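Peer 1: Handing you a structure now.
The values are calculated or read from the model by the stated rules, or taken from the named source; none is laboratory data. What you see is a predicted model; the values in this text were computed from it and never measured. Please note: Cβ atoms are built from the backbone with ideal geometry, for glycine as well, and neighbour counts cover all protein chains shown. Side chains are part of the model used for accessible areas, which takes the heavy atoms of the whole protein and leaves out ligands, DNA and RNA. Shrake-Rupley method; radii C 1.70, N 1.55, O 1.52, S 1.80 Å.
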Amino acid sequence: MTTPLQSYIAGRWLGTEPAQALRSAVDGRVVAHTHAEAIDFGEAVDHARRVGVPALLALDFQQRAARLKALAKYLAERKESLYAVSAHTGATRADGWIDIEGGTGTLFAYAGVGANDLPSGNLLHEGPVVPLGKQGGFAGTHVQVPRGGVAVHVNAFNFPVWGLLEKFAPAFLAGMPCIGKPATATSYLTEALVRLIDESGLLPEGALQLVIGGVGDLFDRLDGRDVVTFTGSADTAATLRVHPNLVRRSVPFNAEADSLNCAILAPDVGPDDEEFDLFVKEVAREMTVKAGQKCTAIRRAIVPRRHLDAVAQALKARLAKTVVGDPAVEGVRMGALASHAQVADVAAKVARLREGADVVHDGGPGFAPVGEGTAQGAFFAPTLLACAKPLEVDVVHDVEAFGPVSTLMPYGDLDEALALAAKGQGSLVGTLVTRDPAVAAMAVPVAAALHGRILVLDREAAKESTGHGSPLPVLKHGGPGRAGGGEELGGVRAVRHYLQRCAVQGSPSMLAAVTGEHVRGARVREGDVHPFRKHFEDLRIGDSLLTHRRTVTEADIVAFGGISGDYFYMHFDDIAAKESPFGQRIAHGYFVLSAAAGLFVSPAPGPVLANYGLDTLRFVKPVGIGDTIQARLTCKRKTDRGRTDAKGVGQGVVAWDVEVTNQAGEIVASYDILTLVAKRGT
């Protein structure tokens, strides 16, 4: 790996002349060089807009989701080549798993988000539709569409694979080409990843470009269509956020910054409790996984004053057993920092922390990582500090040593513990270890104001918990204040970040045409063919059926009660029902649904294969004995997920809008039915 790394710009690999040497974190030998050639960022941005945007928008949400899934499989099959390169970063196999398989797992997760939560097409109807007039002829709603710009992702050194993929996945789903800029120290691993992606041939031209080295004048070339995301230090985030062109052109900027995250051992937990051991394990793990180089790592361990010594001794004993050295050596549990520059930075930060805290454990003068050549590596001993008066010492809440370093902080009561947590001035994640649900109910609303995510850990959750420091694709990653104020991940929320929201006003028919969904009040089409008799390709939004009517009888209610076992008094107690707000016995809500299905279902075999759920169900008005109901079934939304059955017959998902009305034309029930509908086939 001594040949120069290359940037991937405008569809070609750039760089042949070596520049900065990049060294192995394990033994200090040179493993790569950056390239000396300058990047034409004007060309990169133009390529993304002129080639990447049209290529991405030639696909829809569903098709891009399918590409993500295929890419995840492709990378997963070639993960060992990435593990081999990852070893130079100082990562153990377990550390590499978080980065490499965490990255491909994120691709799989967003493929699922796209397939399950996004429509066919490139417009996302956010809804709901809001009436704006008294006659029902004027309404408004919100839609989200691709921005037509480029997403610039500036990533940190600690997760060279996951860092790029977790930002790329939602941006790609949103139809936005990406320019990824990894941190230089570990950019050789990101380059290896992008080479695999390029070789896969799965991405449209211009969907992803890679920058090795600095960003030059890239930010000067962006405008309001574009998005910038950043992961790294709070200081760097603050500098980039106020870049003159980003400010002048109102370019969205999303920062996920390192923060002084905390874990709180609640006052109800003592040394004899299982939760006490969980707390100790969690703190020790967050100190040693990735050698503490995680933006989510626990930097402040907040414990009851009466248990300070017990926690300190337990942590010291656990850390003393942690074998540090070359990850290739059997038994090593903690590797190196990413670079010698990081070692110097962490050492300087620990020196500052020691101005307000004492050393509990640091490996001592005899600390020596195991493995050949590790004396030239970037190793740092796990370091545990303790601050006796954390409310009075600001340095432990202001200075973050981005390595295997954490500080114990004693407190008197829970209010004081939460005050200490707040002194971090905004964190990505906090953990509360407690046995008592009442403690969690009191603490979480207070802590949530300054935390992006909170893990409540007890013996029950521990069986499946992914841990304090693991961001998950379905939950937001980010935090307020010092943590950057931005959000990443979070399922479909992250995709929406890369889309442009627009309010649309018009008649229901016009809104239906724009959104690609039937809107109540819009024109419908009724024909001789029952909508359930139409194949997926033949169905059109607005195809509708108004059913015949059915009068509800007392026998219906009695029979449904006998079948369902639901003998609620409103259905069977005439005296109590008359004294209720309804003044009479009423039909079961689920009988109304069943009766409506009997009105609109076409029973013979046909294209509608299965009903797999209801959405937005509301029982609007009661149905009494003698009331007459009628249903309208309308094709509301079609989603083609590109799937086939075992016989190769294609299938799509159709959402049907159902309105059940009474003899006065009033809606008594309203809901969406989701069905699987067969295609015609060939």
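Peer 1: Specify which of the listed residues (220, 272) is within 24 Å of residue 53 (Cα to Cα) and of a type outside the set (Ser, Thr, Tyr).
Peer 2: Criteria check complete, one pass: 220.
Peer 1: State which residue is farthest from residue 81 (Cα to Cα) when the search covers only the range 7-26 and only residues that are assigned to a loop (DSSP other than H, G, I, E, B) and open to solvent by 40 Å² or more (accessible area, probe 1.4 Å).
Peer 2: 17
Peer 1: Sticking with this structure for a sec: Only one residue in 263, 237 is assigned to a helix (DSSP H, G or I) and either among the basic types (Lys, Arg) or in contact (Cβ under 8 Å) with a residue 12 or more places away in the chain (or both). Which one?
Peer 2: None of the others qualify; the one that does is 237.
Peer 1: OK, next. Determine whether the range 595-608 contains at least one residue that is touching a residue at least 40 places away in the same chain (Cβ under 8 Å) and part of a strand (DSSP E or B).
Peer 2: yes
Peer 1: Pick from the range 656-671 the residues that are open to solvent by less than 30 Å² (accessible area, probe 1.4 Å) and within 38 Å of the chain's Cα centre (by Cα): which of them is nearest to residue 590 (Cα to Cα)?
Peer 2: The extreme case among them is 669.
Peer 1: How many residues does the range 27-60 hold that are part of a strand (DSSP E or B), within 30 Å of residue 372 (Cβ to Cβ) and open to solvent by less than 30 Å² (accessible area, probe 1.4 Å)?
Peer 2: Number satisfying all stated conditions: 3.
Peer 1: Listed residues 300, 318, 306, 352; which is on the phi < 0 side of the Ramachandran plot, part of a helix (DSSP H, G or I), in contact with a Lys or Arg (Cβ under 9 Å, 6 or more places away or on another chain) and not acidic (Asp, Glu)?
Peer 2: 318
Peer 1: A follow-up question, please. From (1) part of a loop (DSSP other than H, G, I, E, B); (2) closer than 30 Å to residue 47 by Cα, pick out the condition that doesn't hold for residue 294.
Peer 2: Result: residue 294 fails condition (2) only.
Peer 1: Could you check, for the range 460-468, whether at least one of its residues is farther than 30 Å from residue 437 by Cα, open to solvent by less than 60 Å² (accessible area, probe 1.4 Å) and hydrophobic (A, V, I, L, M, F, W, C)?
Peer 2: There is no residue in the range 460-468 that is farther than 30 Å from residue 437 by Cα, open to solvent by less than 60 Å² (accessible area, probe 1.4 Å) and hydrophobic (A, V, I, L, M, F, W, C).
Peer 1: Could you tell me which of the residues 291, 266, 314 is touching a Leu at 6+ places or on another chain (Cβ under 7 Å) and farther than 23 Å from residue 484 by Cβ?
Peer 2: Just one listed residue meets the conditions, 266.
Peer 1: If I ask for residues that are closer than 30 Å to residue 188 by Cα and either exposed (fewer than 13 other Cβ atoms within 10 Å of the Cβ) or of a type outside the set (Ser, Thr, Tyr) (or both), which ones from the range 350-377 would you list?
Peer 2: Selection gives 350, 367, 368, 369, 370, 371, 372, 373, 375, 376, 377.
Peer 1: Do the conditions hold for residue 416, that is, is it charged (D, E, K, R) and either part of a loop (DSSP other than H, G, I, E, B) or within 27 Å of the chain's Cα centre (by Cα) (or both)?
Peer 2: No; evaluated as a whole, the condition is false for this residue.
Peer 1: Let me ask something else. Examine the range 61-74 for a residue that is open to solvent by less than 10 Å² (accessible area, probe 1.4 Å), at pLDDT 90 or above and within 30 Å of residue 288 (Cβ to Cβ), and state whether such a residue exists.
Peer 2: Checked against the condition, which is being open to solvent by less than 10 Å² (accessible area, probe 1.4 Å), at pLDDT 90 or above and within 30 Å of residue 288 (Cβ to Cβ), the range 61-74 yields at least one hit.
Peer 1: Quick test for you: out of 151, 156, pick the one residue that is buried (at least 24 other Cβ atoms within 10 Å of the Cβ) and at pLDDT 95 or above.
Peer 2: 151
Peer 1: Looking at the range 647-655, can you tell me whether even one residue there is of a type in the set (S, T, N, Q), touching a residue at least 12 places away in the same chain (Cβ under 8 Å), touching a strand residue (DSSP E or B) at 6+ places or on another chain (Cβ under 7 Å) and surrounded by fewer than 18 Cβ atoms within 10 Å (Cβ to Cβ)?
Peer 2: no
Peer 1: On to the next question. Look through the range 243-260, keep the residues that are in a helix (DSSP H, G or I) and open to solvent by 10 Å² or more (accessible area, probe 1.4 Å), and return whichever of them is farthest from residue 411 (Cα to Cα).
Peer 2: 248
Peer 1: Tell me whether the range 10-25 contains one or more residues that are in contact (Cβ under 8 Å) with a residue 40 or more places away in the chain and under 28 Å from residue 499 (Cβ atoms).
Peer 2: yes
Peer 1: Which of the residues belonging to the range 328-349 are in a loop (DSSP other than H, G, I, E, B) and either open to solvent by 40 Å² or more (accessible area, probe 1.4 Å) or not polar (S, T, N, Q) (or both)?
Peer 2: Within the range 328-349, 328, 329, 330, 331, 332, 333, 335, 336, 337, 338 meet the criteria.
Yes/no per residue for (1) modelled with pLDDT of 90 or more; (2) among the polar types (S, T, N, Q); (3) buried (at least 16 other Cβ atoms within 10 Å of the Cβ):
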| residue | (1), (2), (3) |
| --- | --- |
| 588 | yes, no, yes |
| 613 | no, no, no |
| 618 | yes, no, no |
| 630 | yes, yes, yes |
| 637 | yes, no, yes |
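Peer 1: Could you tell me which residue of the range 268-296 is nearest to the chain's Cα centre (by Cα), considering only residues that are of a type outside the set (Asp, Glu), crowded, with 20+ Cβ neighbours inside 10 Å and closer than 24 Å to residue 441 by Cα?
Peer 2: For the range 268-296, the residue satisfying everything is 296.
Peer 1: State yes or no: is residue 205 of a type in the set (D, E, K, R), touching a residue at least 12 places away in the same chain (Cβ under 8 Å) and out of contact with any helix residue (DSSP H, G or I) (no Cβ under 6 Å at 6 or more places or on another chain)?
Peer 2: When the stated conditions are applied, residue 205 does not pass them.
Peer 1: Going by the conditions given, is residue 118 of a type in the set (A, V, I, L, M) and within 22 Å of residue 174 (Cβ to Cβ)?
Peer 2: Considered against the rule, which asks whether it is of a type in the set (A, V, I, L, M) and within 22 Å of residue 174 (Cβ to Cβ), residue 118 comes out as yes.
Peer 1: Okay, moving on. Quick test of your reading of the structure: residue 186 fulfils all but one of (1) open to solvent by less than 10 Å² (accessible area, probe 1.4 Å); (2) in contact with a Ser or Thr (Cβ under 7 Å, 6 or more places away or on another chain); (3) within 19 Å of residue 48 (Cβ to Cβ); (4) touching a residue at least 40 places away in the same chain (Cβ under 8 Å). Name the failing condition by number.
Peer 2: (3)
Peer 1: A further question on this structure: Inside the range 493-520, can you point out the residues that are among the small types (Gly, Ala, Ser), within 30 Å of residue 661 (Cβ to Cβ), part of a helix (DSSP H, G or I) and open to solvent by less than 20 Å² (accessible area, probe 1.4 Å)?
Peer 2: If the condition is that a residue be among the small types (Gly, Ala, Ser), within 30 Å of residue 661 (Cβ to Cβ), part of a helix (DSSP H, G or I) and open to solvent by less than 20 Å² (accessible area, probe 1.4 Å), then 512 is the only one that fits.
Peer 1: Consider the range 313-327. How many of its residues are crowded, with 20+ Cβ neighbours inside 10 Å and closer than 15 Å to residue 385 by Cβ?
Peer 2: Here the count works out to 2.
Peer 1: Can you say whether residue 476 is open to solvent by 30 Å² or more (accessible area, probe 1.4 Å), of a type outside the set (Gly, Ala, Ser) and at pLDDT 90 or above, as far as the supplied structure shows?
Peer 2: no
Peer 1: Since residue 206 meets every condition but one in (1) open to solvent by 20 Å² or more (accessible area, probe 1.4 Å); (2) within 24 Å of residue 111 (Cβ to Cβ); (3) in a loop (DSSP other than H, G, I, E, B), which condition does it not meet?
Peer 2: All conditions pass for residue 206, except number (1).
Peer 1: May I pose another question? Out of all the residues in the range 102-144, which are open to solvent by 50 Å² or more (accessible area, probe 1.4 Å) and within 22 Å of the chain's Cα centre (by Cα)?
Peer 2: 108, 116, 117, 126
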